[in-house]
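Let me begin by presenting the structure, written as structure tokens, before commenting on it.
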Amino acid sequence: MGVSVIRGLSTHPGAVRIPAPRVAEWPSIGVVVATRDRPNLVRRALASVSEQDYPGPLRIVIVYDGVAPDWQLTRGGERPVLVLENWRTRGLAGARNTGILAAGDCEFVALCDDADTWTPAKLTTQVLAMRTRPGTLFATCAAEVEYDGRRTARLAGLRHVGVDELTHDPARALCASGFVARQEALATAPARGGIGLVAEDGPTGGEDWDLLLRAAKCAPIRHVDTPLVRVLWRPNSIDPTGCAAKVRALRWLVARHPEIGQNRPSAARIHAEIACWEAAAGDRRAAWIWARAALRARWCEPRAIVSMAAAAGLLRGGGLRAVLCRHQVH
């Protein structure tokens with residue numbers, strides 16, 4: 001479905017490769033920081049957003065989910081800060097949507113998780129990159145992952161991201177704290193030619209990839225392959241409950257986006273991943289079903305072979321946990 005039905009989303013062709021705009025020409029941006037009971041981290045994230053060198057109008061919306069807000073965050077900064085309580089579905093998706101809708105008079109919306117930080121040039125770099133491609137609705141950037149005392153850059157090796165690219169590991173590593181989108185596209189439902197809000201009806205863990213897939217269906221995503229975000233990564237619990245939750249998220253994504261299964265290499269990878277999570281959750285029967293599906297999609301896919309070993313119980317314990325940890329990084 002085209003995006004022409006959304007008024008004001010196209011950039012005039014004359015805007016291609018123009019010099020950096022004057023201050024008055026920089027679009028307004030609403031930055032949404034969803035948080036829950038992490039006071040020190042959210043202050044760190046807020047500081048990195050406030051220190052952006054972005055010369056245009058910038059408003060920060062902090063949304064508290066399920067905990068009492070810290071109203072003190074509205075004071076003392078150079079950038080205007082709005083503190084809200086999540087008025088939509090409880091959880092990360094509802095909190096983000098609360099902030100997106102509260103920034104309704106801004107031209108762009110950017111997301112920043114409360115555990116992450118931005119480099120000072122993050123927004124400026126992404127807005128300039130979006131201006132080089134008329135009609136761009138959504139942008140991402142690379143990230144630097146901080147884990148166990150080490151920092152590792154995760155690069156996608158891409159300038160533009162489509163649906164096909166999103167089924168490969170490099171693009172799946174894109175993090176929500178690097179998302180920038182036109183507000184009107186997010187506020188417009190896919191049935192009307194927009195991207196739509198963050199999905200609140202799905203299982204936790206699939207929202208980001210779902211949003212990226214919907215954005216890519218509207219128009220190619222502009223990607224800046226420079227680490228403009230630092231992610232404080234904390235792996236999800238690899239216990240039967242956590243693994244079952246991961247299975248629900250992946251199965252929801254496959255059902256919601258059938259094009260994932262239409263590409264045989266992509267189907268093999270995602271089916272093999274589901275099989276490994278099913279095995280770790282203790283459901284070997286389901287693991288066999290998904291492992292066989294992975295082999296049918298592409299018998300030479302290495303992950304399909306790994307998933308068969310997991311389903312058979314040959315890969316378990318620390319070895320299986322290591323495989324799942326690699327899946328989480330992606």
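The values are calculated or read from the model by the stated rules, or taken from the named source; none is laboratory data. Since we're looking at a predicted model, the values are computed, not measured. Because the Cβ atoms are built from the backbone with ideal geometry, glycine has one as well, and the counts that use them run over all protein chains shown.
Assess whether Val31 counts as being of a type outside the set (Asp, Glu), modelled with pLDDT of 95 or more, over 16 Å from Trp87 (Cβ atoms) and part of a helix (DSSP H, G or I).
No; evaluated as a whole, the condition is false for this residue.
If you go through segment 45-69 and keep only what is more than 19 Å from Ala93 (Cα to Cα) and within 20 Å of the chain's Cα centre (by Cα), you end up with Leu46, Ser48, Val49. Evaluating Ala171 against the criteria (1) free of Cβ contacts under 8 Å to residues at least 12 places away in the same chain; (2) part of a helix (DSSP H, G or I) leaves one unmet condition, (1). All of Gly202, Gly206 fail the test of being over 12 Å from the mean Cα position of the chain (by Cα) and either farther than 17 Å from Met130 by Cα or buried (at least 19 other Cβ atoms within 10 Å of the Cβ) (or both), apart from Gly202.
Could you list all residues from segment 271-330 that are within 29 Å of the chain's Cα centre (by Cα) and not in a helix (DSSP H, G or I)? Before you say what the answer is, go through the steps one by one.
Going residue by residue through segment 271-330, those that are within 29 Å of the chain's Cα centre (by Cα) are 271-283, 286-287, 289-291, 293-295, 297-298, 301-307, 310, 318-330.
Those that are within 29 Å of the chain's Cα centre (by Cα) and not in a helix (DSSP H, G or I): Gly282, Asp283, Arg298, Glu301, His330.
Please verify whether segment 154-169 includes one or more residues that are crowded, with 21+ Cβ neighbours inside 10 Å and closer than 21 Å to Arg96 by Cα. Within segment 154-169 (the criterion being crowded, with 21+ Cβ neighbours inside 10 Å and closer than 21 Å to Arg96 by Cα), the answer is no, since none of the residues qualifies. Mind listing whichever residues of segment 145-159 are in a strand (DSSP E or B) and either over 23 Å from Cys112 (Cβ atoms) or of a type in the set (Val, Ile, Thr) (or both)? Passing the criteria: Val145, Thr152. Restricting attention to segment 185-199, the residues that are within 21 Å of Leu92 (Cα to Cα), out of contact with any helix residue (DSSP H, G or I) (no Cβ under 8 Å at 6 or more places or on another chain) and surrounded by fewer than 19 Cβ atoms within 10 Å (Cβ to Cβ) total 1.
Give the residues of segment 274-292 that are acidic (Asp, Glu) and surrounded by 24 or more Cβ atoms within 10 Å (Cβ to Cβ), sorted by residue number.
The first filter runs over segment 274-292 and keeps only residues acidic (Asp, Glu), leaving 278, 283.
Scanning segment 274-292 gives a single hit, Glu278.
Across segment 213-270, the number of residues qualifying as within 30 Å of Val49 (Cα to Cα) and either modelled with pLDDT under 90 or assigned to a strand (DSSP E or B) (or both) comes to 17.
Remark: Asp225 matches the filter, which requires a residue to be acidic (Asp, Glu), surrounded by fewer than 24 Cβ atoms within 10 Å (Cβ to Cβ) and touching a residue at least 12 places away in the same chain (Cβ under 8 Å).
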